[in-house]
1. Got at least one residue in the stretch 159-168 being part of a helix (DSSP H, G or I), under 23 Å from LEU88 (Cβ atoms), open to solvent by 50 Å² or more (accessible area, probe 1.4 Å) and among the acidic types (Asp, Glu)?
2. Report every pair of residues separated by at least 6 positions or lying on different chains whose Cβ atoms are under 7 Å apart, first residue within the stretch 110-128 and of a type in the set (Asp, Glu), second open to solvent by less than 50 Å² (accessible area, probe 1.4 Å) and outside any strand (DSSP E or B).
3. Tell me which residues, restricted to the stretch 52-99, are on the phi < 0 side of the Ramachandran plot and hydroxyl-bearing (Ser, Thr, Tyr).
4. Of all residues in the stretch 73-84, which are surrounded by fewer than 22 Cβ atoms within 10 Å (Cβ to Cβ) and under 19 Å from SER50 (Cβ atoms)?
5. In the stretch 88-105, which residues are closer than 14 Å to LEU130 by Cβ and either surrounded by 16 or more Cβ atoms within 10 Å (Cβ to Cβ) or among the small types (Gly, Ala, Ser) (or both)?
6. Out of the residues in the stretch 127-158 that are among the acidic types (Asp, Glu) and open to solvent by less than 70 Å² (accessible area, probe 1.4 Å), state the one that is nearest to ARG99 (Cα to Cα).
7. Among all residue pairs at least 6 apart or on different chains, which show Cβ distances below 8 Å where the first residue, located in the stretch 153-172, is free of Cβ contacts under 8 Å to residues at least 40 places away in the same chain and under 16 Å from GLY143 (Cα atoms) and the second is surrounded by fewer than 16 Cβ atoms within 10 Å (Cβ to Cβ) and of a type in the set (S, T, N, Q)?
8. Which residues, taken from the stretch 135-158, are over 19 Å from SER89 (Cα atoms) and assigned to a strand (DSSP E or B)?
Amino acid sequence: MIFIKNLKVFNCSINESFHWSKLPKLKDKMSEEKFVFDSYADLSYADLSSANLSSANLRYADLSSANLSYADLSYADLSSANLSYADLSSADLRYADLRYAKLSPIDDKEVIIKDFMSVCGLGSCNRQTLIFDTNIGIVLQCGCFYGTEEAFKKQVKETRAGTNYEQEYLKMLELAHVRFFRPNKEE
């Protein structure tokens with residue numbers, strides 16, 4: 001296990017001379033080692049795809065625009081982290097703490113996670129769908145779609161009307177309502 005404290009990883013913009021991709025040895029190790037970051041780490045724009053971040057303390061971390069696709073974030077503490085514009089496709093979020101984490105804004109409204117669930121193997125591509133209970137209601141990330149429940153339903157009706165996929169997506173939303181809005185929900 002590698003412990004990293006008080007870390008400011010490069011802000012990776014195209015115009016900067018230092019970039020996460022110039023650290024290939026560390027990136028290779030990230031798929032093998034477990035990392036524990038001190039909170040408040042600046043990992044914005046970092047390429048953490050396929051990284052093993054299981055059980056990492058990423059509380060309050062800035063992961064905005066980070067590539068977290070296929071990363072192992074199981075049991076990670078991402079509470080209050082900034083996940084705006086982060087790529088979470090196929091990330092393992094089992095048992096991750098995402099309470100109060102920020103997602104990309106929708107209609108200029110800040111989106112704060114209260115709870116989430118992941119559904120795999122449904123829809124036309126059998127991909128992972130992330131469903132978030134947020135301060136503005138249910139928000140979904142499914143493939144390239146990111147938006148509210150209403151926008152998702154509209155897109156499903158426009159693109160999948162009359163198919164089994166339409167029924168799968170709508171039943172998935174019903175399940176999300178059961179999960180997020182059940183009586184006596186433990187906080």
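The values are calculated or read from the model by the stated rules, or taken from the named source; none is laboratory data. Just so it is clear, the structure is predicted and the values come from calculations on it, not from any experiment. In this analysis, Cβ positions are derived from the backbone assuming ideal geometry, glycine residues included, and neighbour counts consider all displayed protein chains. When the accessible area is computed, the model is the full protein with side chains, heavy atoms only, and any ligands, DNA or RNA have been set aside. Shrake-Rupley method; radii C 1.70, N 1.55, O 1.52, S 1.80 Å.
1. Looking through the stretch 159-168, at least one residue is part of a helix (DSSP H, G or I), under 23 Å from LEU88 (Cβ atoms), open to solvent by 50 Å² or more (accessible area, probe 1.4 Å) and among the acidic types (Asp, Glu).
2. Here the result reads ASP115/PHE180, each pair linking the stretch 110-128 to a residue that is open to solvent by less than 50 Å² (accessible area, probe 1.4 Å) and outside any strand (DSSP E or B).
3. SER54, SER64, SER69, SER74, SER79, SER84, SER89
4. If the condition is that a residue be surrounded by fewer than 22 Cβ atoms within 10 Å (Cβ to Cβ) and under 19 Å from SER50 (Cβ atoms), then SER74, TYR75 are the ones that fit.
5. LEU88, SER89, SER90, ALA91, ASP92, LEU93, ALA96, LEU98, ALA101, LEU103, SER104
6. ASP133
7. ARG160/SER124
8. Of everything in the stretch 135-158, just one residue is over 19 Å from SER89 (Cα atoms) and assigned to a strand (DSSP E or B), namely GLY137.
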